[in-house]
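Q: Below is a structure I'd like to ask you about.
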Amino acid sequence: MPVKPEILNCEDVARSRLFRVQQVELRFSNGEERTYERLASSGSAAVIIVPMLDEDRVLLIREYGVGVEDYELGLPKGRVERGEEAIAAANRELMEEVGYGSKKLRLLKCFSQSPSYMQHHTQVVLAEDLYPETAEGDEPEPLEVETFRLSELDTLVARQDLTEARSIAALYMVKALFAKRSAGE
């Protein structure tokens, strides 16, 4: 296992309402020094939820993504608020964005996004045993909720309106988990 670089200096160089950019000076174990920039974490993680009606039907939302300037399909997701557990945040976001709560929530994995440039992490949460429940969210417009089949995941992923990598990876993880479950593993 390589030796982690030593952080010589870390300072904020830019800030917006949502983002903080840090400049990080590092010294690697071979003596090389480099300066990197990264989007710093706000301290709170995020959750992305895979809401399953049964072992084949998953609920996706369609919402506007300003980064791609278009409406996209994806899994519901959101920020874990201060003092909130990831599981509670997942259930809250599920109610706000999909109109369901879950009696069975399970953390599957923590994803990083662009680890060379971002500190952000997202907890992938599987939501099963769903029941109708809504909560007031912060979305600027109502989100469309659509049902898709994991058994047709390759066709779903080939669509032009499903491009978000975390959603795609989480869907394949759950499909593999259910395949193992049905095989008795």
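Q: Longest exposed-loop-site-free stretch of the chain, with trypsin sites (Lys or Arg not before Pro), DSSP loop and at most 16 other Cβ within 10 Å?
A: On the way: sites that count: ARG17, ARG82, ARG159.
Longest gap between qualifying sites, sites excluded: 83-158.
Q: Take ALA176 and LYS109, extend 7 Å from each Cα along the Cα→Cβ direction, and tell me the distance between the two endpoints in nm.
A: In this crude label model, ALA176 to LYS109 measures out at 0.5 nm.
Q: Please compute the Kirkwood hydrodynamic radius over segment 102-153, one decimal place, Å, based on all pairs of different Cα atoms. Walk me through the numbers before you get to the answer.
A: Working: mean 1/r = 0.0693 Å⁻¹.
Answer for segment 102-153: a Kirkwood hydrodynamic radius of 14.4 Å.
Q: Can you spot the lysines whose alpha carbon is less than 25 Å from LYS77's alpha carbon? Ignore those fewer than 8 places along the same chain.
A: Within the straight-line cut-off, LYS77 pairs with LYS103, LYS104, LYS109, LYS175.
Q: So what's segment 4-78 giving for Cα Rg divided by 2.2 N^0.38 Å, two decimals? Present the calculation step by step, with values, prior to reporting the outcome.
A: Values: Rg = 19.0 Å, N = 75, 2.2 N^0.38 = 11.3 Å.
Here the answer is 1.68, to two decimals.
Q: Evaluate the charge dipole of segment 46-182 about its Cα centre and quote only its size in Debye, nearest 20, assuming +1 on the Cβ of each Lys and Arg and -1 on the Cβ of each Asp and Glu.
A: Working: 16 positive and 26 negative charges, 177 e Å.
For this selection, approximately 840 debye.
Q: List the GluC sites (Glu not before Pro) within segment 18-71 that fall in a DSSP loop (any state other than H, G, I, E or B) and whose Cβ has at most 12 other Cβ atoms within 10 Å.
A: Values: sites: GLU25, GLU32, GLU33, GLU37, GLU55, GLU63, GLU69; in loops: GLU32, GLU55, GLU69.
Of the GluC sites (Glu not before Pro), the ones in loops of segment 18-71 whose Cβ has at most 12 other Cβ atoms within 10 Å are GLU32, GLU69.
Q: Working from the pairwise distances between different alpha carbons, so that the mean of 1/r is found and then inverted, what is the chain's Kirkwood radius in Å? Let's see the in-between values first.
A: Working: mean 1/r = 0.0549 Å⁻¹.
In the chain this quantity evaluates to 18.2 Å.
No value in this document is a laboratory result; all are computed from the given coordinates. Because the structure is a prediction, the values reported are computed rather than measured. Glycine gets a Cβ as well: all are built from the backbone with ideal geometry, and neighbour counts include every protein chain shown.
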